[in-house]
Number of protein chains: 2
Amino acid sequence: MTSKAIFYHAGCSVCIEAEQQFVDALDRNRYSVEVVHFGTQRDRIAEAERLGVKSVPALVIDGNVFHINYGASMADVKG
Amino acid sequence: MTSKAIFYHAGCSVCIEAEQQFVDALDRNRYSVEVVHFGTQRDRIAEAERLGVKSVPALVIDGNVFHINYGASMADVKG
């Protein structure tokens, strides 16, 4: 069985770097990884905030939030 | 060939959580992961600072620094 990992981002350069290097490094045999881009999936913003995402990029693994570097706040994301 | 990933931490609770969930999720077939605890490996502090580590926990993959959440600053680490 694989665990669920969700990578939330907003297309910023910090986000893209994290996605390419960091998310790519996850073991796909154990983790199913979903990438959510708030620019095109604005309906996922509320869900991310409920999970505790404060800034992007962020990776949520089994419900635990890991903020990776700092691209933008959720307030910025919501505009 | 595997890439090199180094996880720097200082034993704080934020560090331990990141190590158990985040570092464990890396694909060990592609990444060789070294865990450095500054409490016992103080001689690695200068190396981490040279790489750009500003706070712990931090993961350096192929020379790129990813700060994960925030446990303590390097100033705190150095005491």
- [ ] May I ask you to sort A:3, B:55, A:13, A:73 by Cβ crowding, counting other Cβ atoms within 10 Å and putting the fewest first?
- [x] A:13, A:73, A:3, B:55
Task: Label-point separation in nm, residue A:35 to residue A:20, each point 7 Å along Cα→Cβ - done: 1.1
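Among bridges DSSP assigns within the protein assembly as shown, what percent are antiparallel (round to 5)? All intermediate terms of the calculation are to be shown ahead of the outcome.
Numbers: 22 of 36 bridges.
The answer is about 60 percent antiparallel.
Based only on other Cβ atoms within 10 Å, what is the fewest-to-most ordering of B:27, B:62?
Numbers: B:27 18, B:62 10.
Ordered from fewest to most neighbouring Cβ atoms within 10 Å, B:27, B:62 come out as B:62, B:27.
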TODO: Provide, for q = 0.12, 0.22 Å⁻¹, the log10 of I(q)/I(0) from a solvent-free Debye sum over equal Cα point scatterers in the stretch B:1-64.
DONE: -0.27, -0.90
Task: Over chain A, relative contact order from alpha-carbon pairs under 8 Å, at least 6 apart, % - done: 38
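Mean residue ellipticity at 222 nm from the helices of chain A, using -39,500 (n - 2.57) per DSSP H segment of n ≥ 4 over the full residue count, to the nearest 500 deg cm²/dmol?
Working: 3 runs with 21 residues, N = 79.
Computed mean residue ellipticity for chain A: -6500 deg cm²/dmol.
Can you sort A:70, B:31 by how many other beta carbons sit within 10 Å, fewest first?
Working: A:70 14, B:31 19.
Ranked by crowding around the Cβ, least crowded first: A:70, B:31.
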TODO: Would you mind giving the mean number of other chain beta-carbons within 10 Å of the Cβ of each residue in B:21-31, as a whole number?
DONE: 5
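None of the figures in this text is laboratory data; all of them are computed from the coordinates on show. What you are looking at is a predicted structure, and each value in this text was computed from that prediction instead of being measured. Positions of Cβ are backbone-derived with ideal geometry, glycine not excepted, and every protein chain shown enters the neighbour counts.
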